[in-house]
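The values are calculated or read from the model by the stated rules, or taken from the named source; none is laboratory data. Computed from a prediction, not measured in an experiment: that's the story for all the values here. No Cβ is skipped: glycine too gets one built from the backbone with ideal geometry, and neighbour counts run over all protein chains shown. For accessibility, only protein heavy atoms count, side chains too; no ligands or nucleic acids. Shrake-Rupley method; radii C 1.70, N 1.55, O 1.52, S 1.80 Å.
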Amino acid sequence: DVKLVESGGGLVKPGESLTLSCSVSGLKFDVAWMNWIRQAPGRGLEWVGRIKSRIDGGERDYNAPVKGRFFISRDDAKKMVYLQMRGLKIEDTAVYYCTTGEYYTDASGRPKTYDYWGRGTLVTVSS
Amino acid sequence: IVLTQSPLSLSVIPGEPATISCRSTQSLLHSKGYNYMDWYLQRPGQSPQLVIFLGSLRASGVPDRFSGYGSGTEFTLKISNVEAEDIGTYYCTQGLQTPRTFGQGTKLEIK
């Protein structure tokens, strides 16, 4: 079974830093592109950023609201992905989900997908 | 790419159909011939789960009462006979361009 388990959420003050972790099991982590997606209380889903696999270049992309403040990294040996958040703002309050997924084709050429999400970890930024 | 869903809420009698639309500001048709449009259901208190991928393909384990169609900039998710377990918020999302974006969500309730 594939499992993604986030940890590290909590209550922080504006301007402070926090690092979230995501532990992955049950899939070939080193080729997986990993995403962070967040959901503010009572709101919709917002993509935070992504890190590609090392074999695909390891590039990182971020959404505009977090660019320059958040940093995604991965440790393939530990099957972990991290989200370092600094300069936190009240509007960063959200449940943060670690996700992975990909489109691919099977041996018959049919399109397939895998898509996995963790349960999320809550980050609250408040004075 | 901005995705606009309608309606934002829907109340349906069990056994009746439900239709949700998603409009994109740019075509989601990839050069490989697929539309990079997915639909998710987020049940209350749970993480989102994939329902439809590439515009029209049901994810593993999804009942065949769910169907997705459309191309380019206009997409639709249809539930042919709504059941109680279908309640939650449905999101469309595009995976064609970074940043990945989501629609605002459509909350489905049972009458």
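Comparing each chain alone with all protein chains together (probe 1.4 Å, DNA, RNA and ligands left out), none of the residues of segment B:55-78 loses at least 50 Å² of accessible area.
Between A:Val31 and A:Asp56, full extension at 0.36 nm per residue minus the direct alpha carbon distance yields a gain of 8.2 nm. Take B:Tyr69, project a point 7 Å from its Cα along the Cβ direction, then tell me which residues of segment B:18-34 have their backbone nitrogen under 16 Å from it. What the label zone holds, given the 16 Å backbone N cut-off, is B:18-22.
So, for the protein assembly as shown, what is the accessible surface per residue at a probe of 1.4 Å, expressed in square angstrom?
Details: 11690 Å² over 238 residues.
With all protein chains present, the protein assembly as shown gives 49 Å² per residue.
Of the candidates A:Gly49, A:Gly57, A:Gly15, which one comes out as most mobile in a Gaussian network treatment of chain A with C-alpha springs shorter than 10 Å? Residue with maximal mean-square fluctuation among A:Gly49, A:Gly57, A:Gly15: A:Gly57. The label-point distance for B:Ile87 and B:Val2, in a model that sets each label 7 Å from Cα toward Cβ, rounds to 3.3 nm.
Shown in residue order for segment A:93-101 are the 3J(HN,Hα) couplings computed by the Karplus curve 6.51 cos²θ - 1.76 cosθ + 1.60 at θ = phi - 60°: 4, 5, 8, 9, 9, 9, 9, 8, x Hz (x for Gly and Pro).
When chain A is treated as a Gaussian network with alpha carbon springs shorter than 10 Å, the biggest mean-square fluctuation among A:Thr113, A:Thr99, A:Thr19 belongs to A:Thr113.
Computed from label points 7 Å out along Cα-Cβ, the spacing between A:Leu122 and B:Ser11 is 2.9 nm. Here the accessible area of segment B:1-52 is 52 percent carbon and sulfur, with a 1.4 angstrom probe and all protein chains present.
Of interest is the spacing of the C-alpha centroids, which for segment B:8-23 and segment A:75-111 amounts to 30 Å.
Largest accessible area first, the residues A:Tyr116, A:Tyr62 order themselves as A:Tyr116, A:Tyr62 under a 1.4 Å probe with ligands, DNA and RNA left out. Legend: residues in segment A:74-111 shielded by at least 10 square angstrom of accessible surface upon adding the remaining protein chains to the isolated chain (1.4 Å probe, heavy atoms) are A:Tyr97, A:Tyr103, A:Pro111. One way to sum up the overall shape of segment B:1-53 is the equivalent ellipsoid from its Cα gyration tensor, whose semi-axes run 24, 14, 12 Å, largest first. Overall shape: prolate for segment B:48-95, with the ratio a/c of the largest to smallest alpha carbon gyration tensor axis at 1.5 or above and a/b above b/c. Its residue count N fixes a reference of 2.2 N^0.38 Å for segment A:1-79, and the Cα radius of gyration divided by that reference is 1.17.
Judged by the mean number of other Cβ atoms found within 10 Å, the most tightly packed of the peptides B:22-31, B:98-107 leads the ranking B:98-107, B:22-31. Legend: residues in segment B:85-102 shielded by at least 10 square angstrom of accessible surface upon adding the remaining protein chains to the isolated chain (1.4 Å probe, heavy atoms) are B:Tyr91, B:Thr98, B:Pro99, B:Arg100, B:Phe102. Buried surface between chains A and B: roughly 1600 Å² of accessible area, summed over both sides, computed with a 1.4 Å probe on protein heavy atoms only.
Under the Kirkwood approximation applied to all pairs of distinct alpha-carbon atoms, what is the hydrodynamic radius of segment A:38-127 in Å?
Working: mean 1/r = 0.0674 Å⁻¹.
Every distinct Cα pair counted, the radius reaches 14.8 Å.
Largest first, the extents of the alpha carbon coordinates of the protein assembly as shown on the three principal axes equal 49, 46, 35 Å.
Taken over chain B, the convex hull of the Cα atoms encloses 91 Å³ per residue. Taking 7 Å steps out from each Cα toward its Cβ at B:Gln26 and A:Tyr114 produces label points 2.9 nm apart.
The GluC sites (Glu not before Pro) found in segment A:1-109 that occupy coil by DSSP, while having at most 15 further C-beta atoms within 10 Å, are A:Glu16, A:Glu59. Partner shielding of A:29-37 amounts to 1, given as the average count of beta-carbon atoms from other chains within 10 Å of each residue beta-carbon.
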